[in-house]
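Just so it is clear, none of the values below were taken in a lab; they were calculated from the coordinates. The model shown is predicted, which means the values in this text are computed figures rather than measured ones. Cβ atoms come from the backbone with ideal geometry, glycine included; neighbour counts cover every protein chain shown.
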Number of protein chains: 2
Amino acid sequence: MAVTSGIKNRTRQAIIDAAIDLLADNPACSLGDIASAAQVGRTTLHRYFAERADLLSAVAVEGGQRLVRAARLAELERGTGGEALLRLCREYFDLGPLLSLIFSEQGGECWEAQDETSLHTVIERGRRDGSIDPVLPADWVLSLLWSQLYAAWSYLGERPGSSRHHVLDLLTRTLTNALRPEPKPDPVRGKASATP
Amino acid sequence: MAVTSGIKNRTRQAIIDAAIDLLADNPACSLGDIASAAQVGRTTLHRYFAERADLLSAVAVEGGQRLVRAARLAELERGTGGEALLRLCREYFDLGPLLSLIFSEQGGECWEAQDETSLHTVIERGRRDGSIDPVLPADWVLSLLWSQLYAAWSYLGERPGSSRHHVLDLLTRTLTNALRPEPKPDPVRGKASATP
DNA sequence: CCGCAATGGAACACATGTGTTCCACTACGA
DNA sequence: TCGTAGTGGAACACATGTGTTCCATTGCGG
């Protein structure tokens, strides 16, 4: 193992963690801010990450690992596609500030590159087993997942009163509903479409 | 009217429009970029907006006006609350890049300050007439509206192939479903159940 | 005790963005 | 024709962030 000294890894991790927190609510924050948030001198930060870009890519790697871990915890192969996606959503929700970061940099980053195909697989399964509306493209389902995830996270952040559990409940309910297939093929022209 | 000269207003508007476009995908873009996007010298830009903050607040005002106009076009007083919200969603969708801007700066800006109460009114109406699930807090409904709106807009932007109409259709379907109340009549006791 | 690894601070050069001043150019109306 | 409003470019000082170098410090193991 190249465990240089153990303490170096700890410092390195502290910097990355601080970077995730600060970059989450200000992607343009300065290295000095990150350094002091990590309780580390700016010199030390540069000793670990020569350039800003190096830190950013380290953050991306860390984020990617956390995403993969979350996906593993979600046991995507279990149950219907819809249920699996819901479990994934719960795990992702626990990623906290990382959500903002991923969402803000969304648009072609390498974040999920690896498990993007496995997500598509899950969604595909869901459309076939009837737990996800087959009319919705998989890409759109993913967009929905991320946007509602982000909405839930910032909703929680803006309301110190509401509990994590309550918000997660709202998220679960609305995401489930959004993805649910139309219960009936016949389009009624009446008011409410309560299943007769 | 203080229509200084007509040409001044045109220049001013060009600057604001360019600012909205550029700030939408990079909130930290430079004034020089905005100036050249508006086909205007940086000097001229500073002649209209002494400081960056002045331009930003002018953009906020413009954005607020467009929001109000969209809300008026949506005729929020017509139909059920859910229908009104859907119409509003369609109008908002036409705001284009402004969506990204509003969404990125979301979190206490003055954007909607004025019609926020009217939106709450509409949602309240929807919960009573059965078109919006009463379990969902109005705040959460708004969060959903904005996040899905943003998701739809960026979905469109990342896929030059898909038509505006198609994306708007996806948005409408998923938002409607997300807000739809539980069909409360006796459940089929099937496998998948939401609230235990 | 000495020496080395790890760190923090000060100082520097550099790049970019900002806000200002000054001057030249163009179009248009009196 | 001239004067003025509107504009654009060049240059400047200033602020902030970045990347680097150099040196002093702390702490731990030999």
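Summary of computed values
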quantity: Other copies of residue A:182: label-to-label distances in nm, shortest first, labels 7 Å along the beta-carbon direction; calculated: 2.5
quantity: Ratio Rg/Rh [Cα only; Rh per Kirkwood] for the protein assembly as shown; calculated: 1.00
quantity: Pairwise label distance in nanometres, residue A:62 with residue A:129, each label 7 Å out on the Cα-Cβ vector; calculated: 3.5 nm
quantity: Taking the convex hull of Cα positions in the stretch B:61-161, its mean projected area over all directions (nm²); calculated: 6.5 nm²
quantity: Rotationally averaged projected area of the stretch B:112-174 (alpha carbon convex hull; nm²); calculated: 4.9 nm²
quantity: Isotropic mean projected area of the C-alpha convex hull, chain B (nm²); calculated: 14.6 nm²
quantity: Residue of B:53, B:70, B:19 that the Gaussian network model of chain B assigns the largest fluctuation, springs spanning Cα pairs under 10 Å; calculated: B:53
quantity: Check: the protein assembly as shown dipole with +1 on Lys, Arg Cβ and -1 on Asp, Glu Cβ, in debye; calculated: 340 debye
quantity: Position residue A:51, label points 7 Å along Cα→Cβ, spacing to each other copy in nm (shortest first, one decimal); calculated: 3.4
quantity: Computed E for residue A:26/residue A:117 - FRET, C-beta separation, R0 25 angstrom, nearest 0.05; calculated: 0.20
quantity: Copy-to-copy label separations for residue B:158, where each label sits 7 Å from Cα toward Cβ, in nm and ascending; calculated: 2.3
quantity: Among B:32, B:126, B:81, residue whose mean-square fluctuation peaks in a GNM of chain B (springs only between Cα atoms under 10 Å); calculated: B:32
quantity: GNM top mover of B:96, B:64, B:161 - chain B, alpha-carbon springs below 10 Å; calculated: B:161
